[in-house]
Amino acid sequence: MGRVLSKEEVKAEARALNELKKVSKQVEKTMALLGNCVSLDQRWVAEARTDLQKGFMCAERAITKPDNF
């Protein structure tokens, strides 16, 4: 069983998760722009996309604290 959160903690975590999702949507749009720019080295764009996706996933898991693998 997980820890019990106060109402304030629940609200703070919800705000953090909502902000994270908002920022990730903007980053996704920016990465799409980079992906459409043929003059860029798309290998590095793909690498950046993967690393950013992993970073956002890790941040979300830090907030939601899932108990599964």
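The values are calculated or read from the model by the stated rules, or taken from the named source; none is laboratory data. Since the structure is predicted, the reported quantities are computational estimates derived from the model, not experimental observations. Keep in mind that these areas ignore ligands, DNA and RNA; they rest on the heavy atoms of the full protein, side chains included. Shrake-Rupley method; radii C 1.70, N 1.55, O 1.52, S 1.80 Å.
Before moving on, here are some points about what is shown:
- Degrees between helix 42-64 axis and first principal axis of the chain (Cα, 0 to 90, nearest 10): 10
- Counting protein heavy atoms only, the chain has 61 percent of its accessible area on carbon and sulfur, 1.4 angstrom probe.
- Dividing the helix sum by the residues of the chain, where each DSSP H run of 4 or more adds -39500 (n - 2.57), gives a mean residue ellipticity at 222 nm of -27000 deg cm²/dmol.
- Relative to the current alpha-carbon distance between residue 18 and residue 30, full extension at 0.36 nm per residue lengthens the span by 2.4 nm.
- Per residue, the convex hull around the alpha carbon atoms of the chain comes to 70 Å³.
- Stretching the chain fully between residue 69 and residue 9 yields a gain of 19.2 nm (0.36 nm per residue, less the alpha carbon separation).
- Probe 1.4 Å, protein heavy atoms only - accessible area per residue of the chain in square angstrom: 86
- Computed from Cα atoms, the angle from the helix 7-35 axis to the main principal axis of the chain rounds to 10 degrees.
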